[in-house]
Amino acid sequence: MLRAHYEYPGEQETRWFLLETRQLAERLGISHSHLRNVLNGAEGCGFILQDRRNHQMGLTPQMLDDIREFHLAFWSWVAESADQADNLRRSTA
């Protein structure tokens, strides 16, 4: 969904992209109804917007901020782990 968000043109807050839920459910190996429940829950929490009639979805600023925070935390952890491993390697060499 994040890739689709950035592939479509438009302002970040109004980027709508096509989401074929049946195909996505099949790719993920889950039922279509379960996927719909997850998407409806995400919409209820303010993470996505849905235009069911046109099979389109948009990510909200809240979702984009949370994704950005997750990536920053994850890559900070990776960098810190690499630094620790490098320091350990140097101290034992």
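Of all residues in the range 48-62, none satisfies being free of Cβ contacts under 8 Å to residues at least 12 places away in the same chain and part of a loop (DSSP other than H, G, I, E, B).
Each residue in the range 22-35 was checked for being farther than 14 Å from Met1 by Cα and either part of a loop (DSSP other than H, G, I, E, B) or modelled with pLDDT of 95 or more (or both), and 7 of them qualify.
Of all residues in the range 63-73, those satisfying the criterion of being surrounded by fewer than 17 Cβ atoms within 10 Å (Cβ to Cβ) and free of Cβ contacts under 8 Å to residues at least 24 places away in the same chain are Asp65, Asp66, Arg68, Glu69, Phe70, His71, Leu72, Ala73.
If you go through the range 9-47 and keep only what is in contact (Cβ under 8 Å) with a residue 40 or more places away in the chain and either more than 18 Å from Ile67 (Cα to Cα) or under 14 Å from the mean Cα position of the chain (by Cα) (or both), you end up with just Phe17.
Of all the residues in the range 15-36, those that are loosely packed, with under 12 Cβ neighbours inside 10 Å and not hydroxyl-bearing (Ser, Thr, Tyr) number 8.
The values are calculated or read from the model by the stated rules, or taken from the named source; none is laboratory data. Note that the structure is predicted; figures quoted are calculated from it, not measured. All Cβ positions, glycine included, derive from the backbone under ideal geometry; neighbour counts span all protein chains shown.
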